[in-house]
Amino acid sequence: MDRKPIEKQFLKYVVPSMFTMLLSGFYTIVDGFFIGRAIGDVGLAAINIAWPITAVLLAMGTGIGTGGSVIMSTRRGEGDYPSACKAKGNTIVLLIMASALLTVFFLFLHEPILRVLGAEGAVHTAASEYVMIIIAGSTLQIFGTGLTPLLRNSRKTIAAMVIMVTGLLTNILLDWYFIMPLQMGMAGAALATITAQGIVAVLSLIVLVREKDRRLHFKPQHFKLEKKLCGKILRTGISPFGLSLSPSIILIFNNWQCLAYGGEAAVAAYAVASYIVESVMLFLSGIGEGLQPLISYLKGAREYQQMKAVKNKGLRVALIISCTLSVILFLVRGAVPAAFGTSPEASALMVNALLWSVFAFPLIAVAKLFSSYFYAVGEDRLALFMIYADPCFFTPVLLITLPLIFAIDGIWIALPAAQGLLVLSLLYLYKIHKEHLRLEQTAYANAELDDAKNAQTIDA
């Protein structure tokens, strides 16, 4: 590929992916906006505490969908279209199986899970009302997020973005109607969310089925599960699953510490601050997710220099956008609380939380991009470290230690501190990746040389 097509493909994949990822996070923000105005701090705290259950459903869809789409793109880059179709078909079957398992699991265990997450009294009642409807629509949630990566990697990035916009507009309209005129409260917010996700799932499936490229048409044999292929999809999907779920794991630890150091007001403040931070994270994740199909394709085609150029361009774009967002949030942080109807106590805490968050955005941009890059090129172990080290080690340790020194401010400081440690770790991990890539390129060059020698021998 020459430079001009790469530039065009970069924009074609990355820009729609950024907005698709951003819009996917707006569902909870919209719920929070209307619930905050209708119910107040209790409603905001309830959605925030119940969010990890929703997040598991969304992460499962994202993990399986992205795992299958990475394999699909790599096989297409190799010119193996039958295997690409099998990856797509097996991915859809795995989404069906995951939907059934998680629906049953959460139906039986959501009450104890909510208690572990810190829901008590009025907050527990509101959270339970919200989550019961979310669980009933688990299949719609999982398919709504799981089919999007397949669309994106099938070169339908614009369609994926349009479908996501359609779902979001539906969610906004139904949230307003169910919560305000009908006064359905938490149940209305949940019903609006699963209805919108259902529309996304149905539209995505229609676009996939109506594939114009005959080489990628579905056939019955593509839906027959292959053990080795399913294992590869799930192994590859562990990284995007964690990438999607890690903010929610961090949210759990933050909620516990907010309850301990500031009560309901602190949880409400963190709920709104997390809407902003999570939206920025998703927007920045969209850069890496947009690059993933292109990088996976180039990896399969052995276009190593083009792969490096795409990665470097993505890094530059990520840093420029993240620094711009940091400046914008710094300037408008004082106006955010009024939009969500929080109490004066929660508003004061929120402004401080947002102030510390701006320092994390450039670090988040680097970490998210390389997490996506690592699993796009098949470096599953490096991707796993980048994704799971933060929620499983860095953030919990910092959330325990920093509040002992800085009180509630320590909770807000933990975000930029954890991302800083993650980027420092990345410096070492990237050295490992460069060595792996060098060995792979050498092996490929030697194989080509051997093939050329064999061809000359046959001709002679």
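The values are calculated or read from the model by the stated rules, or taken from the named source; none is laboratory data. Only a predicted model underlies this, so the values are computations on that prediction, with no experimental measurement involved. Cβ: placed from backbone, ideal geometry, glycine included. Neighbour counts: every protein chain shown.
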Kindly indicate which of Leu216, Leu259, Leu245 is at pLDDT below 80, under 24 Å from Leu399 (Cβ atoms) and surrounded by 13 or more Cβ atoms within 10 Å (Cβ to Cβ).
Leu245
Does Phe223 qualify as being at pLDDT below 80, in contact with a Gly (Cβ under 7 Å, 6 or more places away or on another chain), farther than 30 Å from Phe394 by Cβ and among the aromatic types (Phe, Trp, Tyr)?
yes
Confirm whether Arg152 is of a type in the set (D, E, K, R), assigned to a helix (DSSP H, G or I) and without any contact (Cβ under 8 Å) to a residue 12 or more places away in the chain.
no
Check Val272 against each of (1) assigned to a helix (DSSP H, G or I); (2) surrounded by fewer than 24 Cβ atoms within 10 Å (Cβ to Cβ); (3) not small (Gly, Ala, Ser) and name the one condition it does not meet.
(2)
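Residue-by-condition table, conditions (1) in a helix (DSSP H, G or I); (2) touching a Ser or Thr at 6+ places or on another chain (Cβ under 7 Å); (3) touching a residue at least 12 places away in the same chain (Cβ under 8 Å):
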| site | (1), (2), (3) |
| --- | --- |
| Asp390 | yes, yes, yes |
| Phe393 | yes, no, no |
| Leu398 | yes, no, yes |
| Pro403 | yes, no, yes |
| Ile411 | yes, no, yes |
| Ala414 | yes, yes, yes |
| Gln419 | yes, no, yes |
| Arg438 | yes, no, no |
Looking only at the range 385-420, count how many residues are among the polar types (S, T, N, Q) and more than 17 Å from Leu259 (Cβ to Cβ).
2
Quick one: Gln183 ticks every box in (1) among the polar types (S, T, N, Q); (2) crowded, with 20+ Cβ neighbours inside 10 Å; (3) not in a helix (DSSP H, G or I) bar one, so which box is it?
(2)
Does any residue in the range 294-323 that is under 23 Å from Met281 (Cα atoms) come within less than 7 Å, Cβ to Cβ, of a residue that is aromatic (Phe, Trp, Tyr) and modelled with pLDDT of 80 or more six or more places away or on a different chain, and which pairs are these?
Ile295/Tyr373; Lys311/Tyr373; Ser322/Phe361
Given the criteria surrounded by fewer than 24 Cβ atoms within 10 Å (Cβ to Cβ), farther than 25 Å from Leu203 by Cα, in contact (Cβ under 8 Å) with a residue 12 or more places away in the chain and of a type in the set (S, T, N, Q), does Ser99 qualify?
no
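Mind checking whether some residue in the range 112-123 is under 20 Å from the mean Cα position of the chain (by Cα) and either within 30 Å of Tyr304 (Cβ to Cβ) or surrounded by fewer than 22 Cβ atoms within 10 Å (Cβ to Cβ) (or both)? Talk me through it step by step, then tell me what you get.
Restricting attention to the range 112-123, the residues satisfying the condition of being under 20 Å from the mean Cα position of the chain (by Cα) are none.
No: the range 112-123 contains no residue that is under 20 Å from the mean Cα position of the chain (by Cα) and either within 30 Å of Tyr304 (Cβ to Cβ) or surrounded by fewer than 22 Cβ atoms within 10 Å (Cβ to Cβ) (or both).
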Flagged in the range 138-156 as at pLDDT below 90, over 16 Å from Ala87 (Cα atoms) and surrounded by fewer than 24 Cβ atoms within 10 Å (Cβ to Cβ), in numbering order, are Lys156
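Output the residues belonging to the range 56-68 that are among the hydrophobic types (A, V, I, L, M, F, W, C) and closer than 14 Å to Met21 by Cα.
Residues satisfying the conditions are Leu58, Ala59.
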Are there any pairs with C-beta distances below 7 angstrom linking a residue in the range 68-79 that is in contact (Cβ under 8 Å) with a residue 60 or more places away in the chain and buried (at least 24 other Cβ atoms within 10 Å of the Cβ) to a residue that is assigned to a helix (DSSP H, G or I) and among the aromatic types (Phe, Trp, Tyr), with the two at least 6 apart or on different chains, and if so which?
Val70/Tyr375; Ser73/Tyr297; Arg76/Tyr297
Only one of Ala273, Ala346 is under 24 Å from the mean Cα position of the chain (by Cα) and touching a residue at least 60 places away in the same chain (Cβ under 8 Å), namely Ala273
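Hey, could you check the range 294-333 for residues that are part of a helix (DSSP H, G or I) and basic (Lys, Arg) and say which is surrounded by the most Cβ atoms within 10 Å (Cβ to Cβ)? Break it down stepwise before answering.
The first filter runs over the range 294-333 and keeps only residues part of a helix (DSSP H, G or I), leaving 294-300, 304-333.
Okay, now just the ones that are also basic (Lys, Arg), so 299, 308, 311, 313, 316, 333.
Values: Lys299: 22, Lys308: 14, Lys311: 20, Lys313: 16, Arg316: 9, Arg333: 19.
Only one residue tops the list, namely Lys299.
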Could you list all residues from the range 334-367 that are buried (at least 22 other Cβ atoms within 10 Å of the Cβ), among the hydroxyl-bearing types (Ser, Thr, Tyr) and assigned to a helix (DSSP H, G or I)?
Ser357
Tell me yes or no: at least one residue of the range 369-388 is in contact with a helix residue (DSSP H, G or I) (Cβ under 9 Å, 6 or more places away or on another chain), basic (Lys, Arg) and in a helix (DSSP H, G or I).
yes
Go through (1) farther than 22 Å from Tyr261 by Cβ; (2) surrounded by fewer than 24 Cβ atoms within 10 Å (Cβ to Cβ) and name the single condition Glu289 misses.
(2)
From the list Ser99, Ser128, Ser69, which one is at pLDDT 80 or above and touching an Asp or Glu at 6+ places or on another chain (Cβ under 8 Å)?
Ser128
Can you tell which of Leu291, Leu284 is closer than 12 Å to Val377 by Cβ and either in contact (Cβ under 8 Å) with a residue 40 or more places away in the chain or not acidic (Asp, Glu) (or both)?
Leu291
